[in-house]
Amino acid sequence: MVHKDLAEFEDKLPLKLLQEIEELAPAAKLKKIAKKVLEEYEAAKIDAGEAVGLVSAESIGEPGTQMTLNTFHFAGVAEMNVTMGLPRIIEILDGRKSIKTPNMEIYLKSPYNKGKDIREIALRVKETSLGDVAKEFSLNIGDLTIDVVLDEATVKLVDATFDEIAKAVEKGLTGVSVKRSGNVLTLKLKEKDETKGLNELYRVKERAKDVYVKGVKGVTQVLPVKRQEEFIIITAGSNLKKVFELDFVDTDRTVTNDIHEIRDLFGIEAARQAIIDELFKVIETQGLNVDIRHIMLVADTMTAGGEIKGITRYGVVSEKASVLARASFETPIKHVINASLKGEVDKLNSVVENVMLNQTGPLGTGLPRLVAKREE
Amino acid sequence: MAKTFDVTKHVLVPKHTKLSEKERTELFEKYVIELQNLPRIAKNDPVIQSLDVKEGDIVKISRKSATAGETVFYRRVSA
């Protein structure tokens, strides 16, 4: 907590300023300096009626024109393809449910993050299909069976057992029965149909290659990276829920870039923070300079309803009370027709509709109203 | 098999607390607002499951802020 001389300023000044005052100012003059700071702080505060949304829109929009349309690049890491630049910004602001390149940053618990066996640990996160652990698929045309020879070394590497794989294949592959002897799985067609048997067998073989056997579903690529003093795993593909079931994962720090996944798992406040972090990351890597308060305002707007709403005609804009404001965004005719069918009334309480009608809107000096008491 | 994890301990999750009846009226008076003016948090939000809140309650959120150190935010619980 802060110094006792500063106690009275605690709900007037932000914590960061108080800490700075305490750190930098001589102890005897704390109160005097805090008073001066408070004066400056009040003067620097944004005025009531200032069009902050408009300022934010311009402040993010202008640097946006200089952003690359490049979807390659990942800061510092080769081989991993992550959406960056303008496409990523649009993706976040639209609140898209499925993003182009989902990825996770998996932090590991203490003994595992030292870098020992990091590749093996990473492989346990990656989704493994039957094709990855098999040495050979051989078709037996006479019996209409497929023999899958498993590679023992690879199976061990992904921390699986033959039994486990047999079970997973039985579950994931319909229409066949699975028998195991040693490291050979024998897949047999359940339906005996001699005429199309052979064709079916080929098709089953192709399907069998993609059957999930081990690891985290959805994770197509893993990459161990050293970050500061510890090793983390960056993945392509995101599935936090399943990753959190692994015992070596640090569930307190592991994150994804999928804001909807964060909303579902960590709640709306975490999603807000994630939106800010993700947007700021893009802007920063593009070498642009946008004040974080603008981004915070956008994130607050997107999450104000308790779930993520994009800045689209289906999201935030559809919530506007004014017909004219909605019509001025996109698809004006649809909005005007629907409104007239329903007999909607526009109270002209906001800015856009007043601008359209060429009259003063409730911002700046147009905000204050005269209230008079009527004589009875 | 499913290992449980503590949502509230995650780096992205700020501290959520339920507002008492007294704090509620103080909040409304301080900012001259009504319940309807507050932003919402869904009833099924994973973070507030352990808080024993119902619809219409207010949740206080102490965020870590890059600009102010720490800021307080309020959300009303909605369906």
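On the given criteria, is A:Lys347 farther than 20 Å from A:Asp94 by Cα and either away from chain B (no Cβ under 14 Å) or part of a helix (DSSP H, G or I) (or both)?
For A:Lys347, the condition - farther than 20 Å from A:Asp94 by Cα and either away from chain B (no Cβ under 14 Å) or part of a helix (DSSP H, G or I) (or both) - is met.
With respect to A:Lys217, determine if the residue is of a type outside the set (S, T, N, Q), modelled with pLDDT of 80 or more and within 11 Å of A:Asp147 (Cβ to Cβ).
No: the conditions fail for A:Lys217.
Out of the residues in the stretch B:1-21 that are within 12 Å of another protein chain (Cβ to nearest Cβ), surrounded by 11 or more Cβ atoms within 10 Å (Cβ to Cβ) and part of a loop (DSSP other than H, G, I, E, B), state the one that is farthest from the chain's Cα centre (by Cα).
Across the stretch B:1-21, the extreme among qualifying residues is B:Phe5.
Applying the selection to the stretch A:259-272, what residues are surrounded by fewer than 24 Cβ atoms within 10 Å (Cβ to Cβ) and farther than 24 Å from A:Ser110 by Cα?
Across the stretch A:259-272, the qualifying residues are A:His260, A:Glu261, A:Asp264.
So, in the stretch B:22-79, exactly how many residues are under 26 Å from B:Phe5 (Cβ atoms), touching a residue at least 40 places away in the same chain (Cβ under 8 Å), of a type in the set (Ser, Thr, Tyr) and in a strand (DSSP E or B)?
1
Exactly one of these conditions fails for A:Ile311: (1) more than 14 Å from chain B (Cβ to nearest Cβ); (2) free of Cβ contacts under 8 Å to residues at least 40 places away in the same chain; (3) within 21 Å of A:Ser59 (Cα to Cα). Give me its number.
Only one criterion is unmet by A:Ile311, namely (2).
What are the residues in the stretch B:60-74 that are over 22 Å from A:Leu38 (Cβ atoms) and more than 9 Å from every other protein chain (Cβ to nearest Cβ), if any?
Scanning the stretch B:60-74 gives B:Lys60, B:Tyr74.
Looking at A:Lys241 and the list (1) part of a strand (DSSP E or B); (2) within 14 Å of chain B (Cβ to nearest Cβ); (3) of a type outside the set (Val, Ile, Thr), which single condition is not satisfied?
(1)
Across the stretch A:109-152, what is the total count of residues that are touching a Pro at 6+ places or on another chain (Cβ under 6 Å) and in the same structural domain as A:Lys190 (by TED's automatic domain parsing)?
Qualifying residue count for the region: 0.
If A:Arg374 passes every condition in (1) part of a loop (DSSP other than H, G, I, E, B); (2) closer than 16 Å to A:Leu54 by Cα but one, which one does it miss?
Every condition holds for A:Arg374 apart from (2).
Given the options A:Glu164, A:Glu120, A:Glu200, name the one that is acidic (Asp, Glu) and either in a strand (DSSP E or B) or farther than 29 Å from A:Leu265 by Cα (or both).
Testing whether each residue is acidic (Asp, Glu) and either in a strand (DSSP E or B) or farther than 29 Å from A:Leu265 by Cα (or both) leaves just A:Glu200.
Say whether the condition of being surrounded by fewer than 17 Cβ atoms within 10 Å (Cβ to Cβ) and within 18 Å of A:Ile262 (Cα to Cα) is met by at least one residue in the stretch B:41-48.
Checking the stretch B:41-48: at least one residue is surrounded by fewer than 17 Cβ atoms within 10 Å (Cβ to Cβ) and within 18 Å of A:Ile262 (Cα to Cα).
The values are calculated or read from the model by the stated rules, or taken from the named source; none is laboratory data. If you're wondering where the values come from, they're calculated on a predicted model, not measured in any experiment. FYI the Cβ positions are ideal-geometry reconstructions off the backbone, even for glycines, and counts take in every protein chain you see.
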